[in-house]
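Below is one structure, written out as structure tokens; the observations come after it.
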Amino acid sequence: MVRRWFPLALLWPTGLVLLVGVLAFFQYKWLGQVSESERDRLRTSLNQRAREFADDFDREISRAYTSLQINGENVSAADWTAFAKRYDDWKEAARFPQLIRNIYLTADGAVVDTLRQFDPGARTFRPTTWPTELALVREHLKTLHGPIEPMPGLPGTVRFMTIGGSPVIAAVPAIVVPVANGGTAQVVLELDRAFMINTMLPSLVERHFAVDDYHVAISELRATGKPLFTKGIASGATIESRDADASIPFFSVHPDGVSVMSALRPVAGVPLMMAQRDAAAGATAATAGRFSIVVQQERTTKGVESVRATNVQFGGGAWQIVLQHPAGSLEAAVKRARVRNLSLSFGVLAVLAAGVFLISINAQRAQRLAAQQMDFVATVSHELRTPLAVIRSAAQNLSAGVVHEPAQAKRYGDLIDAEGRRLTDMVEQVLAYAGMSDAKRAAATAPTDIVTVTRDVVASSDALIRDAGFTVDVTAPDAMPDVPLDESAYRRALTNLIGNALKYGTDGAWLGVDVRMATTKAGTPEVQVAVSDRGRGIDARDLPHIFEAFYRGEYAKERQIHGNGLGLSLVKGIAEAHGGRVTVTSTPGAGATFTLHLPV
């Protein structure tokens, strides 16, 4: 019956395991897609934040560029009132007014020789000499404007103007602002490099990247060596562009919607013209960068008065910010998160699979236990029926007056007593098993002379031993320390072992009981009580199960040996209730030895 249903019993756990496998596959696939989406989202977000940082920095630069312009007419009249007002307005609106260290003004046509410095206290420009730190600006101004040249392929009256590169000279650092209608005159804004590196950059980095602990490195775009500012990496180290998760150039001017007057003088008679040109090729190393401009000539009733430059766009930037995830890269961070999520998911699925496996195992055990219980009921019924039939038969004969001789009556009485004792032992076995199932501890223990009790149990079993035709040898030392025992439980365990040896050791017809002192592997003393026989031994397939309740080996079933499958289970329970254990060794054809290990 069990074999017929066994394949069917495997169908549902197999189906559940397959379902777990399918879930694991889709979990792996879906987590991969989620990880890719998360990586793209993080990269987009990081680039957006880097762009916001760059825009925030450039906004301060552009505000200074657009706010601190001056008109050529004011320069000619030496009237600095309007510029001083613009300076005050800029200082009030700027987040970092310490950004500008000095303001200078070059003269039209004499940029090499003449320079004036703005005095905020006196609200005027005072003559001064070119400082050494502005040498690079001076060289730049010499090449800022090229000559007016004819444009190839166009009428001779249309002329092309070469415009210089970005107004930012990061190496100084400084910003060059052309004077509106001022010819070649320029306003030079000298920036405070130390303030920018030590105050402005940390403040902006903290503002934009305080939430996530990204590694940050800010360096000059075309420079090598130590970066200007770092966060989250070792001092003096930097982040290579190939290892960066985001890299954005900044430190450029973006005067959106602001009209900037060209410093070039218009040429009389030149018609209205618009042109664009990339001036990167003509820019110096200090100001290199794409610079596009729409140039428009303005005409009045008196003729062409000026050339206006609109929609100015200074591309690129002199510095760059490089960002890297603390894990080494966004790829590594997403991969790590994916591995963590996969581990968690597969851990849950593994628990589910283990649960399915355990349920399957428990179901099989329950099925086997149910079969053993049915065998137990059948065996007990048979064991009860046999002595009851003998007792009833003897009682009927006595009642019918069949027995007349006293000797024959005595045999009938002995038979009824033996069968009644057999019934009593069987009932006590069942009750003892029920008691051991309810409580794993011995009822009461007291120091006991185990040698004396053991000899007494053997003596009380003498009639059974003689009836079975066995010889018995008891080996025990003269003196042993008392052992804490529940004496009645110990007697029951030893009686069961002796009875088991008498049932299965008939081939050898010998019984040995050995009591000895021993030491465990842990070094603690114990008493060992070994019960041996010289029978056929225990089959290897039965050996792992003989201490299970209701279990009976194939040999016992085939030979119809009396028993209910509870004796050895009771022995194990009694040994464990005393804090000990029971072991068995068996050699096929040479018998078996059961040993009680009881702690002293």
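Only the coordinates and a few stated rules stand behind these numbers; no lab work does. Because the structure is predicted, anything quoted here is derived from the model rather than measured. For neighbour counting, all protein chains shown are included, and Cβ atoms are generated from backbone atoms with ideal geometry for every residue, glycine included.
For V351 and V22, the FRET efficiency from 1/(1 + (r/R0)^6), where r spans their Cβ atoms and R0 equals 22 Å, is about 0.85.
Placing R0 at 45 angstrom, the Cβ-Cβ distance between W510 and L344 gives a FRET efficiency of 0.10 after rounding to 0.05. Would you mind calculating the gained length between E36 and T448 on full extension (0.36 nm times residue separation, minus the Cα-Cα distance), in nm to one decimal? Full extension from E36 to T448 adds 140.9 nm. For the pair R368 and A418, the difference between a 0.36 nm per residue extended length and the Cα-Cα distance amounts to 14.6 nm.
Which FRET efficiency value, to the nearest 0.05, is calculated for E133 and E92 with the Förster distance at 25 angstrom and r the Cβ-Cβ distance?
It comes out at approximately 0.35.
The loop-placed trypsin sites (Lys or Arg not before Pro) in the stretch 164-244, going by DSSP, that have at most 16 neighbouring Cβ atoms within 10 Å of their Cβ come out as R222.
By per-residue mean of other Cβ atoms within 10 Å, what is the highest-first order of 53-59, 544-550, 171-177?
Averaged packing, sorted descending, gives the order 171-177, 53-59, 544-550.
Over all projection directions, the Cα-based convex hull of the stretch 439-600 averages an area of 9.4 nm².
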